[in-house]
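The values are calculated or read from the model by the stated rules, or taken from the named source; none is laboratory data. Just so we're clear, the structure is a prediction, and the values are computed from it rather than from any experiment. We place every Cβ from the backbone using ideal geometry, glycine too, and count neighbours over all the protein chains shown.
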Amino acid sequence: MQIGSFNMDSWPWKIAVVAALIGIRELIRLLSPKDPKDEGSETSKWLVETIDSAAIAIGLVLFIIQPFILQAFFIPSGSMEDTLRISDRLLVSKLIYRMKAPAFQDVIVFKAPKAAFFGQNQTEDVDFIKRCIGTPGDIIEVKDRKLYRNGKLVEEVYTKWNNLSPSITNGTAPDELTSSQENLGHDSYDMKIVGGAVYSRDYESPGHPGTWKQNNLLSPPDDQGQDEITKAAPGKVPAGKYLFLGDHRSNSNDGHVWGFAPRENIVGKAICVFWPPTRLGLVDHMSFAQKGGDN
């Protein structure tokens, strides 16, 4: 899921905003009456003090809070349903992963790797939000909707699957590129790590998996190679890499298709939804309480 943020990441824009406030302040001072007994002088003084306070507050947000501590994002599409819904506004902590490593099942904002765009010329960073399913050293495998971590079945109370016909088209990135592209179309898939790469295969019908693919491309192309992937033991998430999946597994352009994201791409952990008011709550609670599960 591509997400939008309430911020101006360009430092020139940040400087311009604060500089504009300072410029307005100085203009008011220049044009204000010089006589302290003039009523207009009191109004000008109040305006100058208000702009000073606004400049300090905006400066703190743009130069300290937003880059290093906390940032607001909004959700434009459905790949994290039902945990996060379209139009949710949430706060993401940028500080938490400076103190500890990302953890299994955290909901995380990260910069999408180039592989997520399937060869399209993406020149700007795009924020994705997914759930961390694999941390470095984890053995991760998905078998027909069931997640296994280090050989143990994980009960994922937060996942959502649709019963749809396969309709993935090579060369296109689905719901991450536009909010209108909502439908990946796989009702189930297998996924495993082999040789440090992620392979997945969609089910053509219940109980009948298709061919293994890597980054949405047929790989390996021959029957023998396909059989080798099927028989291979699931491998580990490489050092410095993380595996992310969307909670709406039938509708998510995520790591099962394009692989791993590096540690340096991680922006922060989703903490809480603050808008709309009816959705107010902690993301961790929304993840595990929605179907009666526990973290």
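Among the numbered criteria (1) touching a Gly at 6+ places or on another chain (Cβ under 7 Å); (2) modelled with pLDDT under 95, which single criterion is violated by TRP161?
(1)
Give the residue, chosen from ASN121, ASN150, ASN183, that is at pLDDT below 90, more than 19 Å from the chain's Cα centre (by Cα) and more than 20 Å from LYS269 (Cα to Cα).
Step by step, each of ASN121, ASN150, ASN183 is checked, and only ASN121 is at pLDDT below 90, more than 19 Å from the chain's Cα centre (by Cα) and more than 20 Å from LYS269 (Cα to Cα).
Residues that are surrounded by fewer than 20 Cβ atoms within 10 Å (Cβ to Cβ), at least 2 per element: which strands (runs of 3 or more DSSP E) completely within the stretch 117-161 meet that?
140-143, 146-149, 152-154
Okay, residues lined up against (1) within 20 Å of ASP82 (Cα to Cα); (2) among the β-branched types (Val, Ile, Thr); (3) in contact (Cβ under 8 Å) with a residue 40 or more places away in the chain:
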site: ALA116; (1), (2), (3): no, no, yes
site: GLN122; (1), (2), (3): no, no, no
site: GLY137; (1), (2), (3): no, no, yes
site: ILE140; (1), (2), (3): no, yes, yes
site: LYS143; (1), (2), (3): no, no, yes
site: LYS146; (1), (2), (3): yes, no, no
site: GLY151; (1), (2), (3): no, no, no
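Could you go through the stretch 50-65 and let me know if any residue there is surrounded by fewer than 18 Cβ atoms within 10 Å (Cβ to Cβ), more than 13 Å from the chain's Cα centre (by Cα) and at pLDDT 70 or above.
yes
Can SER252 be described as at pLDDT below 95 and under 13 Å from PHE128 (Cα atoms)?
yes
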